[in-house]
Amino acid sequence: MKILVLNGPNINFLGIREPQIYGSQTYQNLIDKISAYCKEKSVDVSFFQSNHEGALVDAIQQAYFDKVDGIVFNPAAYTHTSIAILDAVKAVSIPTVEVHISRVEARDDFRQISYIRQVAIETITGKGFDGYLEAIDVLLNQNESKN
Ligand code: DQA
């Protein structure tokens, strides 16, 4: 099974940005944790992070050509603003799990809108880095029930 882990703006600043909200671990720590988990589960995982909306849309379209089976996606601030990202996920029809490190539902009003949520097969919030591992399990389970 092939999974793409996609992260939006400022996720590369984990460990530096608001550690009281996002923790002290870095983006590299996140990649290492997910890589180790995927190795254990025999998942072929790849990673992409960008601060640019169009680059994220391009990565979602590329996932279609690369025959990716599932996307773990933290669109970060674009969650709350981007119809282009929603349309891209709809266009490729790849099962996508929405992940947020923080508990967005307990935060600002403007974080209560999620465009991606209407197309995500599941949303995981407030579980820190473990939320990404849970998202991988969701994709593995749904792939199993499909086969
Ligand atoms: C986030 C929550 C978003 O509201 C915020 O803009 C982020 C990170 C999270 O992982 O908790 O950048 O997606």
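The values are calculated or read from the model by the stated rules, or taken from the named source; none is laboratory data. Computed from a predicted structure; not experimentally measured. So basically every Cβ, Gly included, is an ideal-geometry build from the backbone, and we count neighbours across all protein chains shown. Please note that ligands, DNA and RNA were not included when accessible areas were found on the heavy atoms of the full protein model with its side chains. Shrake-Rupley method; radii C 1.70, N 1.55, O 1.52, S 1.80 Å.
Tabulated values for the structure
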{"read-out": "Selection count, segment 58-83, where residues are open to solvent by 10 Å² or more (accessible area, probe 1.4 Å), hydrophobic (A, V, I, L, M, F, W, C) and touching a helix residue (DSSP H, G or I) at 6+ places or on another chain (Cβ under 6 Å)", "value": "1"}
{"read-out": "Subset of segment 124-147 (residues that are over 26 Å from residue 29 (Cβ atoms) and either free of Cβ contacts under 8 Å to residues at least 12 places away in the same chain or within 12 Å of the chain's Cα centre (by Cα) (or both))", "value": "144, 145, 146, 147"}
{"read-out": "Residue in segment 44-57 that is acidic (Asp, Glu), surrounded by 17 or more Cβ atoms within 10 Å (Cβ to Cβ), touching a strand residue (DSSP E or B) at 6+ places or on another chain (Cβ under 6 Å) and in contact (Cβ under 8 Å) with a residue 40 or more places away in the chain present", "value": "no"}
{"read-out": "Pair list, Cβ under 6 Å, 6 or more apart: segment 1-27 residue closer than 17 Å to residue 103 by Cα and buried (at least 17 other Cβ atoms within 10 Å of the Cβ), other residue polar (S, T, N, Q) and at pLDDT 95 or above", "value": "7/49; 7/74; 11/49; 14/26"}
{"read-out": "Of residues in segment 94-146 being within 20 Å of residue 64 (Cβ to Cβ) and at pLDDT below 95, the one most open to solvent (accessible area, probe 1.4 Å)", "value": "146"}
{"read-out": "Strands (runs of 3 or more DSSP E) contained entirely in segment 2-105, each with at least 3 residues that are within 11 Å of the ligand (Cβ to nearest atom)", "value": "96-100"}
